[in-house]
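The values are calculated or read from the model by the stated rules, or taken from the named source; none is laboratory data. Nothing here was measured: the structure is a model prediction, and the numbers come from that model. Reconstructed Cβ throughout: ideal geometry from the backbone, glycine too, with neighbour counts over all protein chains shown.
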Amino acid sequence: MAMNVVIVESPAKAKTLNKYLGKDFVILASYGHVRDLVPKEGAVDTAHDFAMKYQVIEKNAKHVDAISTALRGAENLYLATDPDREGEAISWHLYELLQQRGALKDKRVQRVAFYEITKSAVQAAIANPRELSMTLIHAQQARRALDFLVGFNLSPLLWKKVRRGLSAGRVQSPALRMIVEREQEIEAFKAEEYWTIEADLSAQEKPFSARLVEYQNEKIKQFSVTNAQQANEIEQKLLTAANGKLVVDLINKTQRKRNPAAPFTTSTLQQEAVRKLGFTAQRTMRIAQQLYEGVDIGDGAVGLITYMRTDSVNLADEAINDIRNMIVERYGKDNLPDEPRRYKTKAKNAQEAHEAIRPTMVKVIPNDIKQYLSADQYKLYNLIWKRTVASQMIHATIDQVAVEYECGAGNRLRSNGSTIAMPGFIQVYQEGFDDNNVEDDDEKLLPPLVKGDVVDLISVRPEQHFTEPPPRYSEASLVKALEEYGIGRPSTYASIISTLQQREYALIENKRFKPTDVGRIVNKFLTNYFQQYVDYGFTAKLEDSLDAVAVGEIDWLPVLQNFWTPFISMVHNIEESVQRKDITQEELNEDCPECGSKLSIWLGKRGRFVGCTGYPNCKYTRNLNTDGDKADAEVIADRKCPTCSSDLVVKTGKYGKFIGCSGYPNCKFIESLDKPVDTGVVCPECKKGHIMKRKTRYGTFFYPCNQYPTCKYAVKYPPIAEPCPKCNWPILMISTTKRRGTEKVCPQKTCGFAEPYEDTVTN
């Protein structure tokens, strides 16, 4: 019997640790949380210091039994779950359960934490154990209690006042508010016309461009030119004044330095993976978990990156030295700054003892281990490796030049150009940008010019523009906004986004969040009646309080009491005073064309619509945003019906929106409006295609090969590129049921493999 038992969260991590600890250690997995609050009223006893009633999670009971059995005859128990609040809580829950069973008699119980799964880190952690941190445990308990109390009291209220099956959350609701308010901004936006005056120039047989920056001694601003007539008049005057030639009047040369971005935190990794790789936040965290827990790269499993839930940008001195040596070896001494770069962590209450996300061994170059990694693992490891190395390299030096030309008295045009004089870190990595916050890194090379040179004016081009509304949130920009407001914490962003989609409060259109009708109604209810609890400042302040509990600055019980007392009072008041129609109906200043009663906007099963307040006596309805009994169908541009060549239009039917033929009923061609999403998993049947995520007409999803009808392989649940450990089939599925929870299962019916699957992101 082993003298020492080590508990980690996942079997993958256990497999990696086996490589570093001797035969005197047995390493077992808890498979995530081992117990949770009982799912009923009174689970958090608000009358008795918020005492919490727990029960063992059914799917993990057998793992607790296995740990109890392994402890017989053992002397030491090492709790080695993840080094954060959730990991600390898992260790504590396991400790409590084992103590209740009497399994810890005469056992020494110690907590160990490591931020990378390498031999040196693991052995150092075992050699320097500590006690369980009650401040971290209390912080997690407080968070769990708050989430339970909000959900258990607000969700039933939503059922009564809006519709069944809805939910509200302490953090998800402010995130929903962000998405809805952005959509309202877009809807309220009124585009304004403006014009720019561009010029096509040539010198030394090289074409380039310029823009009008001054006209009749007035500086050109965005709305200086607002119509075609004005733009055309300026065009003619410039052409006449120039007579085909412009004279260089001013040359301004500058040089700027651009520094590299800091190493990844959880938040910045999620943002960059969205921008550069097209990964969702949840997908990013799942892959990062795999890289952290260990991948076999030819000599057994090894953890390739440090712990992926962190808000620190610090790097260990040892890691910095290794990175600097790598830079000299791979990119030359000229690309190494004299002193290591140090970055300041911006997050409140960041744990500076933690490190940023980095390769555990920078000498393990992505391309050298590509054959051992899945496509997703390689992409993410490559991103992390490059960002880390670039963070310690010399700045990039960029030469900029601005050339101005006179074009008649009081008129000036300007050309801008830039070249990279010394690439520095840019040769390894450049940070991505959201939306319109993009630096113009195009190398617009201008011909060598000096004051007095004459250049050819080829043409003057007035360009029409319209101001644009703010863009909808992408996953990257939503994560960034949540972080800036201090809502949630990086480890929770992926689950927040997932919940909003699962509840169908927001949909993804063109990789952007668009609120659904239900999402709008839920947000309306919460902002009207629970404004304080979806206020960005209030939510951020509560997160700060939980962080303060974690570091031992304040006690957790007053935090809960200060929240609970006014909250439950408000719930009871709204339950009595607010009627369902106050939320789900919005009266219009318009009479029903059939009975003369007032019309209202109603919430139905398929979204909002206009209906008569005289219902059920009058059953008049029409689509929202139309003023007739029949909506004008949206025509699909540049497409014709493949059956009859009529226009294709977007229609609304029993199962939602779809594309149909405008020639209906003579032509009954239809197709799904939702485009299939590539999962990135190679089809195990044909080995040529990829498994796609497709939506059925009933709103559910299935996962077929994109080579259909040549290949008819399909699976029921989301696939992952991980071979079955039992039959070695190339993929597994992630199945979630009420009875069995979330599991990794083999799609082969004859196999029967199933294993509990702990999501990488927990609240």
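So here's what we get for this one:
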item: Filtered residue count, region 109-146, keeping only those that are of a type in the set (Lys, Arg) and farther than 24 Å from Thr16 by Cα; result: 2
item: Number of the condition not met by Thr254 [criteria: (1) among the β-branched types (Val, Ile, Thr); (2) surrounded by 23 or more Cβ atoms within 10 Å (Cβ to Cβ); (3) farther than 30 Å from Val681 by Cβ]; result: (2)
item: Residue check for Arg177: among the basic types (Lys, Arg), part of a loop (DSSP other than H, G, I, E, B) and either in the same structural domain as Tyr493 (by TED's automatic domain parsing) or without any contact (Cβ under 8 Å) to a residue 40 or more places away in the chain (or both); result: no
item: Some residue of region 59-66 being touching a Lys or Arg at 6+ places or on another chain (Cβ under 7 Å), crowded, with 16+ Cβ neighbours inside 10 Å and assigned by TED's automatic domain parsing to the domain that holds Glu9; result: yes
item: Check on Gly332, surrounded by fewer than 19 Cβ atoms within 10 Å (Cβ to Cβ) and on the phi > 0 side of the Ramachandran plot; result: yes
item: Looking only at region 1-34, and only at residues there that are among the charged types (D, E, K, R) and under 28 Å from the mean Cα position of the chain (by Cα), the one that is farthest from Ser155 (Cα to Cα); result: Lys13
item: Test result for Ser391, at pLDDT 90 or above, buried (at least 20 other Cβ atoms within 10 Å of the Cβ) and touching a Ser or Thr at 6+ places or on another chain (Cβ under 7 Å); result: no
item: Residue ID - modelled with the highest pLDDT, chosen from residues in region 694-705 that are surrounded by 17 or more Cβ atoms within 10 Å (Cβ to Cβ) and over 16 Å from Pro730 (Cα atoms); result: Arg694
item: Residue match in region 371-383 (condition: in contact with a Phe, Trp or Tyr (Cβ under 9 Å, 6 or more places away or on another chain), of a type outside the set (Gly, Ala, Ser) and in a loop (DSSP other than H, G, I, E, B)); result: yes
item: Single residue of Lys59, Lys53 found to be farther than 21 Å from Ala145 by Cα and not hydrophobic (A, V, I, L, M, F, W, C); result: Lys59
item: Cβ-Cβ under 8 Å pairs, at least 6 apart or on other chains, region 100-128 side more than 17 Å from Gly300 (Cα to Cα) and of a type outside the set (A, V, I, L, M, F, W, C), far side surrounded by fewer than 13 Cβ atoms within 10 Å (Cβ to Cβ) and at pLDDT 90 or above; result: Gln110/Arg130; Gln110/Glu131; Arg111/Arg130; Arg111/Glu131
item: Where a residue in region 1-21 is buried (at least 20 other Cβ atoms within 10 Å of the Cβ) and its partner, wherever it lies, is modelled with pLDDT under 85 and of a type outside the set (A, V, I, L, M, F, W, C), with Cβ under 9 Å and at least six apart; result: Glu9/Glu758; Ser10/Glu758; Thr16/Gly300
item: Long-range neighbours under 6 Å by Cβ, at least six apart or interchain, first residue touching a residue at least 12 places away in the same chain (Cβ under 8 Å) and closer than 17 Å to Ala43 by Cβ within region 132-146, second crowded, with 23+ Cβ neighbours inside 10 Å and among the basic types (Lys, Arg); result: Gln140/Arg85; Leu146/Arg170
item: Subset of region 145-169 (residues that are of a type outside the set (A, V, I, L, M, F, W, C), farther than 15 Å from Tyr505 by Cβ and surrounded by 20 or more Cβ atoms within 10 Å (Cβ to Cβ)); result: Lys161
item: Residue list for region 390-403, filter: outside any loop (DSSP other than H, G, I, E, B) and farther than 21 Å from Phe279 by Cβ; result: Ala396, Thr397, Ile398, Asp399, Gln400, Val401, Ala402, Val403
item: Meets criteria (of a type outside the set (Lys, Arg), buried (at least 21 other Cβ atoms within 10 Å of the Cβ), in contact with a helix residue (DSSP H, G or I) (Cβ under 9 Å, 6 or more places away or on another chain) and closer than 30 Å to Ala51 by Cβ) for Ser91; result: yes
item: Flag for Lys53 being outside the structural domain of Asp296 (by TED's automatic domain parsing), over 32 Å from the mean Cα position of the chain (by Cα), surrounded by fewer than 21 Cβ atoms within 10 Å (Cβ to Cβ) and modelled with pLDDT of 90 or more; result: yes
item: Count - residues of region 120-148 that are in a loop (DSSP other than H, G, I, E, B) and of a type in the set (A, V, I, L, M, F, W, C); result: 1
item: Positions within region 536-569 being touching a Leu at 6+ places or on another chain (Cβ under 7 Å) and of a type in the set (Phe, Trp, Tyr), in sequence order; result: Phe563, Trp564
item: Some residue of region 68-77 being over 19 Å from Asp147 (Cβ atoms), surrounded by 17 or more Cβ atoms within 10 Å (Cβ to Cβ) and either β-branched (Val, Ile, Thr) or touching a His at 6+ places or on another chain (Cβ under 7 Å) (or both); result: no
item: Flag if Thr499 is within 19 Å of Asp147 (Cβ to Cβ) and of a type in the set (Val, Ile, Thr); result: yes
item: Any hit, region 420-428, residues being free of Cβ contacts under 8 Å to residues at least 40 places away in the same chain, within 23 Å of Pro447 (Cβ to Cβ) and in a strand (DSSP E or B); result: yes
item: Unique match (being over 30 Å from Asp582 (Cβ atoms), among the small types (Gly, Ala, Ser) and in a helix (DSSP H, G or I)) among Gly151, Gly87, Gly102; result: Gly87
item: Filtered residues of region 228-274 (kept if hydroxyl-bearing (Ser, Thr, Tyr) and over 30 Å from Pro207 (Cβ atoms)); result: Thr265, Thr266, Ser267, Thr268
item: Residue match in region 65-72 (condition: over 26 Å from Thr742 (Cα atoms) and either within 31 Å of the chain's Cα centre (by Cα) or not acidic (Asp, Glu) (or both)); result: yes
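Residue by residue, here is whether (1) touching a Phe, Trp or Tyr at 6+ places or on another chain (Cβ under 6 Å); (2) over 28 Å from Ile394 (Cα atoms); (3) in the same structural domain as Leu482 (by TED's automatic domain parsing); (4) β-branched (Val, Ile, Thr) holds:
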| residue | (1), (2), (3), (4) |
| --- | --- |
| Ala273 | yes, no, no, no |
| Arg286 | no, yes, no, no |
| Val302 | no, yes, no, yes |
| Arg330 | no, no, no, no |
| Arg341 | no, no, no, no |
